[in-house]
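Enquirer: Below is a structure I'd like to ask you about.
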Amino acid sequence: MSKLWGGRFEKETNKLVEKYTASIEFDQRLALEDIEGSLAHVQMLGECKIIPLEDVEKIKSGLLIIKEKVISGNVSFSVENEDIHMNIEKMLIDEIGPVGGKLHTGRSRNDQVATDMHLFLKRKTQEMIDLLQSVQEAILLQAKSHITTILPGYTHLQRAQPISFAHHLMAYFWMLERDKERFTDSIKRTNILPLGAGALAGTTFPIDRTRTAVLLGFEKVYPNSLDAVSDRDFIVEFLSNSSILMMHISRLSEEMIIWSSQEFQFIELDDSFCTGSSIMPQKKNPDVPELLRAKTGRVYGNLFGLLTVLKGLPLAYNKDMQEDKEGMLDTIDTLEGALQLLAPMIETMKVKKDRMNRAVTEDYSNATDIADYLVNKGLPFREAHEVIGKLVLYGIKNKKYLLELTLEEFKEFNSMFEDDVFTVLLPDNVVNARKSEGGTAFSEVEKQILLAEQVIKKSVLI
């Protein structure tokens with residue numbers, strides 16, 4: 001079959017070359033964006049009197065017929081036609097005749113593919129923001145139920161200080177809020193139109209790029225035609241934002257895996273998000289968070305893959321840039337799957353309050369509070385730190401937690417201890433003592449949740 005660009009060539013393309021260089025296997029997902037861009041382009045061509053209005057109407061009619069076929073799945077894409085652009089153009093010519101060949105007037109596949117990807121990624125970024133919010137809402141729902149649930153807080157994976165479980169969960173809410181902000185901010189750099197830049201140098205036809213931008217809902221056009229066709233920063237930025245998001249998802253997944261283990265038993269994941277063992281009937285495996293943790297690697301890989309493709313490319317378009325799509329599409333699929341699973345998994349997880357409470361009464365994570373207790377009685381902090389360190393060592397050697405010691409034992413280490421030390425050591429009081437802004441005191445967590453609800457409400461209104 002003759003290529004749409006075949007006039008210059010005397011030989012047919014080698015079949016292996018056709019297969020190796022074709023992108024239709026993956027860029028067919030841009031079909032609707034390709035048609036959308038073409039509808040705007042041909043509308044502009046007619047308004048600028050570059051092609052007759054009757055031809056414009058024929059082309060638009062043909063494109064709308066193809067659009068319906070794409071939506072219904074009633075199309076067959078061909079490797080011989082290489083990419084989504086030439087496949088659509090060939091379908092158009094088959095549908096309405098040679099007049100369909102006028103559609104490509106004043107544009108190149110270089111600015112066409114860039115436009116398709118801007119349109120596609122702009123839509124997908126907004127969908128990602130919506131999915132992120134659904135995860136935030138699930139976190140918020142659990143947090144509101146567990147403001148007074150206390151678990152050990154950790155540093156170095158060693159018990160550090162008791163904290164509200166809601167406070168711990170809300171840390172992820174704010175991570176995801178920053179992710180939302182990054183994606184939202186990136187839209188303005190995706191919302192720039194390349195169409196009309198031609199292959200690299202613009203076009204001799206009197207086109208109106210601003211009119212095309214208005215028709216497609218873009219805020220502005222690229223001011224430089226070379227930059228327009230060679231820019232993939234907007235994809236790199238999306239992949240970078242996605243990598244940060246997946247890092248956050250991976251951290252939460254890791255904690256869910258640990259928390260649901262027999263050793264911790266802080267939570268239990270719903271059966272619908274776990275799997276069993278083919279040999280060990282007692283097993284309930286947290287496969288979903290494990291895969292979320294693992295798939296972070298492929299998202300990182302897609303980012304570094306595209307950065308490597310672009311790092312040495314001269315201006316303007318090079319075939320290398322065909323490698324921009326598969327990683328982007330894979331990242332989108334990975335993120336969509338992750339976020340769609342994460343929200344209901346968080347919402348349905350069972351929190352084992354009694355187990356968490358036992359954990360904070362069977363450790364020494366309240367030690368800082370009695371160091372502060374001595375400081376408030378006038379002892380310098382460094383001296384108080386040493387006293388409590390020796391007291392903890394005594395407790396470990398005698399297999400007693402701090403709340404199990406007698407007042408006499410406390411006084412052996414410092415005479416300033418009084419009966420009120422036992423009140424200070426209670427987990428609820430340890431948590432509630434941290435009333436600094438953003439702290440884990442129940443009252444501060446309630447303020448934080450109220451702020452989060454306002455953030456969600458504002459996002460919905462926008």
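Enquirer: Answer yes or no: is there a residue in the stretch 266-277 that is assigned to a helix (DSSP H, G or I) and in contact with a Lys or Arg (Cβ under 9 Å, 6 or more places away or on another chain).
Expert: yes
Enquirer: Of everything in the stretch 67-88 that's among the charged types (D, E, K, R) and crowded, with 20+ Cβ neighbours inside 10 Å, which residue is nearest to His41 (Cα to Cα)?
Expert: Asp83
Enquirer: Which is among the polar types (S, T, N, Q) and within 22 Å of Gln133 (Cβ to Cβ), of Ser240, Ser260, Ser225, Ser278?
Expert: Exactly one residue qualifies, and that residue is Ser240.
Enquirer: Filter the stretch 234-265 down to the residues that are in a helix (DSSP H, G or I) and more than 17 Å from the chain's Cα centre (by Cα), then identify the one that is surrounded by the fewest Cβ atoms within 10 Å (Cβ to Cβ).
Expert: Ile258
Enquirer: Give Tyr394, Tyr401 a once-over and let me know the one that is touching a Gly at 6+ places or on another chain (Cβ under 7 Å) and surrounded by 12 or more Cβ atoms within 10 Å (Cβ to Cβ).
Expert: Within the list Tyr394, Tyr401, the selection yields Tyr401.
Enquirer: Going by what's in this entry, would Ala213 be described as of a type outside the set (Phe, Trp, Tyr), free of Cβ contacts under 8 Å to residues at least 60 places away in the same chain and surrounded by 18 or more Cβ atoms within 10 Å (Cβ to Cβ)?
Expert: Here the answer is yes, as Ala213 does meet what is asked.
Enquirer: Mind listing whichever residues of the stretch 404-421 are buried (at least 16 other Cβ atoms within 10 Å of the Cβ) and either part of a helix (DSSP H, G or I) or among the polar types (S, T, N, Q) (or both)?
Expert: Glu409, Phe410, Phe413, Asn414, Val421
Conditions tested, residue by residue: (1) part of a loop (DSSP other than H, G, I, E, B); (2) in contact with a helix residue (DSSP H, G or I) (Cβ under 6 Å, 6 or more places away or on another chain); (3) at pLDDT 95 or above.
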{"site": "Glu181", "(1), (2), (3)": "no, no, yes"}
{"site": "Arg189", "(1), (2), (3)": "no, yes, yes"}
{"site": "Ile207", "(1), (2), (3)": "yes, no, yes"}
{"site": "Thr212", "(1), (2), (3)": "no, yes, yes"}
{"site": "Leu215", "(1), (2), (3)": "no, yes, yes"}
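Enquirer: Something else: For the list (1) free of Cβ contacts under 8 Å to residues at least 24 places away in the same chain; (2) surrounded by fewer than 17 Cβ atoms within 10 Å (Cβ to Cβ); (3) of a type outside the set (Gly, Ala, Ser), I need the number of the one condition that Cys274 fails.
Expert: (2)
Enquirer: Please find, among Ile192, Ile244, the residue that is outside the structural domain of Ala40 (by TED's automatic domain parsing), of a type in the set (Val, Ile, Thr) and closer than 17 Å to Val113 by Cα.
Expert: It is Ile192.
Enquirer: All but one of (1) charged (D, E, K, R); (2) in a helix (DSSP H, G or I); (3) in contact (Cβ under 8 Å) with a residue 12 or more places away in the chain hold for Asp130, so report the exception by its number.
Expert: (3)
Enquirer: Which members of the stretch 179-203 meet the condition of being free of Cβ contacts under 8 Å to residues at least 24 places away in the same chain and within 30 Å of Ser253 (Cα to Cα)?
Expert: Hits for the stretch 179-203 are Glu181, Asp185.
Enquirer: Of the residues Thr184, Thr190, Thr155, which single one is within 29 Å of Ser243 (Cα to Cα), crowded, with 19+ Cβ neighbours inside 10 Å and of a type in the set (Ser, Thr, Tyr)?
Expert: From the options Thr184, Thr190, Thr155, the qualifying one is Thr190.
Enquirer: Of the numbered conditions (1) buried (at least 22 other Cβ atoms within 10 Å of the Cβ); (2) hydrophobic (A, V, I, L, M, F, W, C); (3) not in a helix (DSSP H, G or I), Ala228 satisfies every one except a single condition; which is it?
Expert: It is condition (3) that Ala228 fails.
Enquirer: Now, a different point. Out of all the residues in the stretch 275-285, is one or more touching a helix residue (DSSP H, G or I) at 6+ places or on another chain (Cβ under 9 Å) and of a type in the set (Gly, Ala, Ser)?
Expert: Looking through the stretch 275-285, none of the residues is touching a helix residue (DSSP H, G or I) at 6+ places or on another chain (Cβ under 9 Å) and of a type in the set (Gly, Ala, Ser).
The values are calculated or read from the model by the stated rules, or taken from the named source; none is laboratory data. Worth saying up front: this structure is predicted, and the values here are computed from it rather than measured. For neighbour counting, all protein chains shown are included, and Cβ atoms are generated from backbone atoms with ideal geometry for every residue, glycine included.
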